[in-house]
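Working notes for the structure below.
The values are calculated or read from the model by the stated rules, or taken from the named source; none is laboratory data. Quantities reported herein were computed from a predicted structural model and do not represent experimental measurements. Don't worry about glycine lacking a Cβ; one is built from the backbone with ideal geometry, like all the others, and counts go over all protein chains shown.
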Amino acid sequence: MLMRLTRFTDNALRCLMYLGRNADRVVTVGEVSRRMAMSEDHLLKVVRRLVELGYVRTLRGRRGGVRLSKPASEIVIGDVVRNTEDNLAIVPCFAPGDHTCPLAPDCRLANVLESALGAFFAALQARTLADLL
């Protein structure tokens, strides 16, 4: 089994890293999209979500752009992943309301996978954006 983050979360993390590396200035969306080799439209969706979550702020006008809204040391990677992933169910039985497992309630696999997911997030919770810069 392969656990995989969505492209949206990957792009959110990479955008935060780029902004963190350039924290001394306002960065344009065009600059970030060129550096990340992605469309400005998609990046705008990512930035919009990062603004909603309070990680990023935008500045309008001629010298406008994007920048971190707080220090990189205060942005916890685990929180970013939890807040940008739309589905953390690594197997169908983890999805809310899914009761299709023929082995339930005696299935021990779910407990092992839940423990592994917990370890994954524990590792991410122990890191901040500053650790990635």
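Scanning the stretch 49-65 for residues that are farther than 18 Å from Asn22 by Cβ and modelled with pLDDT under 95 turns up Arg60, Gly61, Arg62. When restricted to residues that are over 18 Å from Thr84 (Cα atoms) and assigned to a helix (DSSP H, G or I), the stretch 37-47 contains 1. Within the stretch 1-40, the set of residues being touching a Lys or Arg at 6+ places or on another chain (Cβ under 8 Å) and exposed (fewer than 12 other Cβ atoms within 10 Å of the Cβ) comprises Arg25 only. Output the number of the condition that Met3 fails; it satisfies all remaining conditions of (1) outside any helix (DSSP H, G or I); (2) modelled with pLDDT of 95 or more. It fails just one condition, (2).
Examine the stretch 41-48 for a residue that is among the aliphatic types (A, V, I, L, M), at pLDDT 95 or above, closer than 17 Å to Thr128 by Cβ and surrounded by 12 or more Cβ atoms within 10 Å (Cβ to Cβ), and state whether such a residue exists. No: the stretch 41-48 contains no residue that is among the aliphatic types (A, V, I, L, M), at pLDDT 95 or above, closer than 17 Å to Thr128 by Cβ and surrounded by 12 or more Cβ atoms within 10 Å (Cβ to Cβ). Filter the stretch 92-119 down to the residues that are surrounded by 15 or more Cβ atoms within 10 Å (Cβ to Cβ) and out of contact with any Cys (no Cβ under 8 Å at 6 or more places or on another chain), then identify the one that is modelled with the highest pLDDT. So, considering only residues that are surrounded by 15 or more Cβ atoms within 10 Å (Cβ to Cβ) and out of contact with any Cys (no Cβ under 8 Å at 6 or more places or on another chain), the one modelled with the highest pLDDT is Leu117. Annotation note: of Arg57, Arg21, the sole residue that is touching a residue at least 60 places away in the same chain (Cβ under 8 Å), farther than 21 Å from Phe121 by Cα and not β-branched (Val, Ile, Thr) is Arg21.
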